[in-house]
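The values are calculated or read from the model by the stated rules, or taken from the named source; none is laboratory data. What you see is a predicted model; the values in this text were computed from it and never measured. Counting neighbours? That spans all protein chains shown, and the Cβs are built from the backbone with ideal geometry, glycine included.
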């Protein structure tokens, strides 16, 4: 079954290469740029450029041109890098959502309504959040009410499993108290 999914992924990738070369090229370029820009050495290089620019201030008499160079350079670089990083983040988020959707789809007790949840409006997401908050509170209330019975049930399960492993002779778990 894994081979079948792998083949469809490879086929999909080849189709993307054929039909939209620009999109494929841009996504690869954006990913590479995001990796480079996020590297510590690039940060150090940017700091060095700023230090060199600041040190050169007296030489250029802190002129308007001297200030314009750093302002223009940083604005252009920031403007372009924002689009590249946003593209990379969008693709990463989409891939993550697809992976989560596959996990939800493959887990039978899971609620299939949550597939593609990221496409809901803010109001719909708020309603779902309220619904799950109510479920969480209900679980906490059940847990609090049934803590003693749950502990007894857990101990019985441990005893039963120990009994089956030891051929019917159940060992009680030792109740050691931690040293204070």
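Pairs linking a residue in segment 44-57 that is within 18 Å of residue 72 (Cβ to Cβ) to a residue that is modelled with pLDDT under 95 and surrounded by 10 or more Cβ atoms within 10 Å (Cβ to Cβ), with Cβ atoms under 8 Å and 6 or more positions apart or on different chains, are 50/70; 53/66; 53/69; 53/70; 56/66; 57/66. For segment 92-107, a residue qualifies if it is closer than 22 Å to residue 23 by Cα and in contact with a helix residue (DSSP H, G or I) (Cβ under 6 Å, 6 or more places away or on another chain), and exactly one does: 97. For segment 59-79, filtering for residues that are in a helix (DSSP H, G or I) and surrounded by 12 or more Cβ atoms within 10 Å (Cβ to Cβ) leaves 7. If you check 69, 85, 117 for being under 30 Å from residue 26 (Cβ atoms) and at pLDDT below 85, only one passes: 117.
Whether any residue in segment 127-138 is at pLDDT below 85, surrounded by 12 or more Cβ atoms within 10 Å (Cβ to Cβ) and in a helix (DSSP H, G or I) is what I want to check. No, segment 127-138 has no match at all. Residues in segment 82-109 that are assigned to a helix (DSSP H, G or I) and more than 17 Å from residue 34 (Cα to Cα): 96, 97, 98, 99, 100, 101, 102, 103, 104, 105, 106.
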